[in-house]
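What follows is calculated from the coordinates using simple rules that are stated; it is not laboratory data. Since the structure is predicted, the reported quantities are computational estimates derived from the model, not experimental observations. A quick note on method: Cβ atoms are made from the backbone with ideal geometry, for glycine too, and the neighbour counts reach across all protein chains shown.
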Amino acid sequence: MWRNKRGVDLLDMPEMAAFFERLDRVNQEELLALRAAWQATHRQEHEYAWNAVRVVGVDQGLSKEIGRVRDAAMAWSRRASDVIPYVFLADVLSWQQIKMEASEAIVDAALAVALGDRLDARVHDILIEPWLRATAGG
């Protein structure tokens, strides 16, 4: 699907399909570890990485695509899970809360996967490292 003047659809890449497939299989412990690893990264590092993502978006005409990736990752964090079909309502609410608390880390990882080598190595590592640590390599 053509999404911008360069004809790039970041969500329609095999790497993104694999990322979201793996995301659908994360468990509570991995999400908690993901959130903790993301929070352990200094705020300045997050700001540096996000500024670099914005620059890539502007320079390569991918700002809308970056927004689409972010929206898809946030949508995953908000949607109810059908992985656990028979649980108490309190458990579902707890799972939803954990997903939402990990959403920033999920967005960062999704952008690292989507932008790949369009990002310099330092920025890519800042964005993907919490994901790799929490999921034992992805």
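Numbers at a glance
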quantity	calculated
Fully extended contour minus Cα-Cα distance, from Asp120 to Gln97, at 0.36 nm per residue	5.0 nm
Table column - 3J(HN,Hα) (Hz), region 13-24, Karplus curve with 6.51, -1.76, 1.60, x for Gly and Pro	10, x, 4, 6, 4, 5, 4, 5, 5, 5, 4, 5
Whole-Hz ³J(HN,Hα) from phi, Karplus 6.51 cos²θ - 1.76 cosθ + 1.60, for region 114-126, glycine and proline x	5, 8, x, 7, 6, 9, 6, 4, 4, 5, 4, 5, 4
Point-to-point label distance, Glu47-Leu32, nm (Cα→Cβ direction, 7 Å offset)	3.1
